[in-house]
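This report concerns only the one structure given below.
The values are calculated or read from the model by the stated rules, or taken from the named source; none is laboratory data. Keep in mind that what you see is a predicted model, and the values were worked out from it rather than measured. Glycine also receives a Cβ, built like all others from the backbone with ideal geometry; neighbour counts cover every protein chain displayed.
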Amino acid sequence: MYFGSVKFFKHLIYTVFFGWLAIATFLAVFFGVKYGLEAKKSAEAATAANASLDSINIPEGTTLEQLFLIMTAKGYSSKEILDIISSTDPQVLEDYLVKYAEENPGIFGEMISAGAAAQDTSAEYTKLYPDLYADAPPTEFAEDDGTVYLTFDDGPSANLSDILYILNKYEIKATFFFCGGEDEISKERMKAVADAGHTVGIHSISHDYEKIYESVESYLADFYETYVNVYEATGVKPQIFRFPGGSINNYNRLTYKQIIAEMTRRGFVYYDWNVSGEDAVHDADWTSIYNNVLSGIANNTSDKAIVLLHEKQQTVYVLEDVIDRLIADGYHFGQLDNTVKPINFSYRD
């Protein structure tokens, strides 16, 4: 009888042994092939990286910082540069970054401090102006494909009535970022904007870049004074604002992160722009403003155009012609509020 015999157990032992041997062989081959493919891929990446570096003809002794400048000038992105260097010799990149951090403690200290302040809701300035809060902004912004938003900074001015007349003629609602004004005429002008249904936003009552961007406290002081001024004149509590000079400029390099974080914490939404009429420069005229606005909108890659204008006399001269042309080209107009997805600057801009 075969089952249960010595011969049966001998064959069973052989079967188990060779079965395990087959499984072990399969696993060894599988992981060996996988490792080989990964090694081949890494080798190809390193070869491609070396070829890229060789094609640029980098002089011997070039520092990593110089290499970045050379490759950037030749059209490589930061990611491509990092990928090439890390594929060629990752230790070179790591050693350089450690050395750079040691030699530039101030820069890294500023970055760390800015990041910490942006997250720190216990900072003393968070206790300032306890009534300076906007309504909670929406969790999602509305879609607005192809909309043109006309925005006017630095008012109210003597030209405001003419701008309102033109906008009313075309039944267009726009957005005004006011600097405020304590005299009765300025208050009447701001109230006229609010009464006409346009959006009222905050700009800056002083426009003193060096002062307001010195610290979060300085910015809040200027903003609060402007806010109270506009609210008392219009009866509207503004929900949106625009930074003087834009959210990132030459004066707020060390403070913009903290300021943005604090204003966002208070519920306010800020708007930069992606089209500028350049109507506030000293040599602006009808032709330059007209061309700047129309070409800026035509070349805009965003889903909307937020147009920066000012309450200038030359702006009044060209505004109706700009509107006529945009309507003829099929554009429609809107006014900003905190449901509109912002255009915000970054250092890549």
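Out of THR226, THR315, THR264, THR301, report the one residue that is under 22 Å from PHE345 (Cβ atoms), touching a residue at least 12 places away in the same chain (Cβ under 8 Å) and among the polar types (S, T, N, Q).
Numbers: THR315 fails: under 22 Å from PHE345 (Cβ atoms); THR264 fails: touching a residue at least 12 places away in the same chain (Cβ under 8 Å); THR301 fails: touching a residue at least 12 places away in the same chain (Cβ under 8 Å).
Result: THR226 is the single residue among THR226, THR315, THR264, THR301 that is under 22 Å from PHE345 (Cβ atoms), touching a residue at least 12 places away in the same chain (Cβ under 8 Å) and among the polar types (S, T, N, Q).
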With respect to the numbered conditions (1) touching a Phe, Trp or Tyr at 6+ places or on another chain (Cβ under 8 Å); (2) farther than 29 Å from ALA158 by Cβ; (3) part of a helix (DSSP H, G or I), which one is the sole condition not fulfilled by GLY267? (3)
Check ALA305, ALA328 and return the single one that is of a type in the set (A, V, I, L, M, F, W, C) and in contact with a strand residue (DSSP E or B) (Cβ under 6 Å, 6 or more places away or on another chain). ALA305
Within the bounds of region 121-130, is there any residue that is at pLDDT 60 or above, outside any helix (DSSP H, G or I), charged (D, E, K, R) and at negative phi? no
Taking into account only those residues within region 221-242 that are touching a Phe, Trp or Tyr at 6+ places or on another chain (Cβ under 6 Å) and assigned to a loop (DSSP other than H, G, I, E, B), which is farthest from VAL193 (Cα to Cα)? ARG242
